[in-house]
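Participant: I have a structure here, written as structure tokens, and I will follow up with some questions on it.
The values are calculated or read from the model by the stated rules, or taken from the named source; none is laboratory data. The structure displayed is predicted, hence computed values, not measured ones. Note that we place each Cβ from the backbone using ideal geometry, even for glycine, and neighbour counts take in every protein chain shown.
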Amino acid sequence: MRKKYNQIGRSMVEMLGVLAIIGVLSVGGITGYSKAMMKYKLNKFSDGFNQLLNEAIRLEPILESSISLSTSIRASIFETLNLIPDGMEYKSNYIYDVFNNQIDYYFGYHNEGRTLENYFGMLLSFDRNRITQEKSEVCHMILLAAKENSENIYTIATRNNTGTSYTSSKLYGDKLCAQRPDLCLKSATIDDIDNICYSCLSENSCMLYLHLSVKNF
């Protein structure tokens, strides 16, 4: 007499279904984690850059009274004064943020001593590449920080270099916005910010400059 055995295993179709469900859940979990990590990093960047900006505003009159025509002050000033924000680090004349973006800082004279500039700079795109989503989010954070401090900002602009020429998209701080009320930083909309941050399309390189002051003598 043959013995009958109950089938207690799973069919191939059932196993594939289970694997498919696990795959969907895994992808959803990874996507959720990536979004949460991006939000965390952006918040970290926002806190750090706001701190840098506020320190630069506070230091400006002190630096102006001590600088000479033949010297300039770079990002090392923040390292020297122990003012590098948490999540950022100073290396080789630049400050690097949580995304490893290179932030430049300059305070010094140009044009044979006729112009004194105080600004932050960041490379947004290069080698004819479009600006990445990550860079655009960082750009938005910088614009929002500038908007909150519009009374202390001269201009914020992108400079798109193509060979020996360039184009620029710009918003003006409180001191200049009376001249261009349509480009006033303090009343900038999300669309205005998008126009600045997404102006870097296919140029050789695109820089973002945040000028705290430009003084001509």
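Participant: Among the numbered criteria (1) under 20 Å from SER205 (Cβ atoms); (2) modelled with pLDDT of 95 or more; (3) crowded, with 21+ Cβ neighbours inside 10 Å, which single criterion is violated by TYR94?
Facilitator: Going through the list (1) under 20 Å from SER205 (Cβ atoms); (2) modelled with pLDDT of 95 or more; (3) crowded, with 21+ Cβ neighbours inside 10 Å, TYR94 breaks only (3).
Participant: Now for a different question. Name the pairs whose Cβ atoms lie under 8 Å apart, with the first residue in segment 168-196 and closer than 14 Å to LEU208 by Cβ, the second surrounded by 14 or more Cβ atoms within 10 Å (Cβ to Cβ) and among the acidic types (Asp, Glu), and 6 or more positions between them or separate chains?
Facilitator: LEU171/ASP192; LEU185/ASP174
Participant: Looking only at residues in segment 161-193 that are among the acidic types (Asp, Glu) and loosely packed, with under 15 Cβ neighbours inside 10 Å, which one is farthest from the chain's Cα centre (by Cα)? Explain how you work it out, then say what you get.
Facilitator: Pass one, segment 161-193, residues among the acidic types (Asp, Glu): 174, 182, 191-192.
From what's left, loosely packed, with under 15 Cβ neighbours inside 10 Å: 182, 191.
Values: ASP182: 24, ASP191: 17 Å.
Among them, the one singled out is ASP182.
Conditions (1) part of a helix (DSSP H, G or I); (2) out of contact with any Pro (no Cβ under 7 Å at 6 or more places or on another chain); (3) farther than 23 Å from LYS135 by Cα; (4) modelled with pLDDT of 90 or more, marked per residue:
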| position | (1), (2), (3), (4) |
| --- | --- |
| LYS175 | no, yes, yes, no |
| ILE193 | yes, yes, no, yes |
| GLU203 | no, yes, no, no |
| HIS211 | no, yes, no, yes |
| VAL214 | no, yes, yes, yes |
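Residue-by-condition table, conditions (1) over 16 Å from VAL214 (Cα atoms); (2) among the hydrophobic types (A, V, I, L, M, F, W, C); (3) not in a helix (DSSP H, G or I):
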| position | (1), (2), (3) |
| --- | --- |
| SER34 | yes, no, no |
| LEU42 | yes, yes, no |
| PRO61 | no, no, no |
| GLU64 | no, no, no |
| ILE73 | no, yes, yes |
| ILE77 | yes, yes, no |
| TYR90 | yes, no, yes |
| ASN100 | yes, no, yes |
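Participant: Every residue in segment 64-82 that is of a type in the set (Lys, Arg) and more than 13 Å from TYR105 (Cβ to Cβ), please.
Facilitator: First, the residues of segment 64-82 that are of a type in the set (Lys, Arg): 74.
Answer for segment 64-82, where residues must be of a type in the set (Lys, Arg) and more than 13 Å from TYR105 (Cβ to Cβ): there is none.
Participant: Considering every residue within segment 128-143, establish whether at least one is buried (at least 17 other Cβ atoms within 10 Å of the Cβ), free of Cβ contacts under 8 Å to residues at least 40 places away in the same chain and more than 16 Å from CYS206 (Cα to Cα).
Facilitator: no
Participant: Does segment 135-156 include one or more residues that are part of a strand (DSSP E or B) and closer than 26 Å to MET88 by Cβ? Walk me through how you get there before you give the answer.
Facilitator: First pass over segment 135-156, keeping only residues part of a strand (DSSP E or B): 155-156.
Those left that are additionally closer than 26 Å to MET88 by Cβ: 155-156.
Checking segment 135-156: at least one residue is part of a strand (DSSP E or B) and closer than 26 Å to MET88 by Cβ.
Participant: Right, something else. Can you tell me which residues in segment 111-133 are at pLDDT 90 or above and part of a helix (DSSP H, G or I)?
Facilitator: Scanning segment 111-133 gives no hits.
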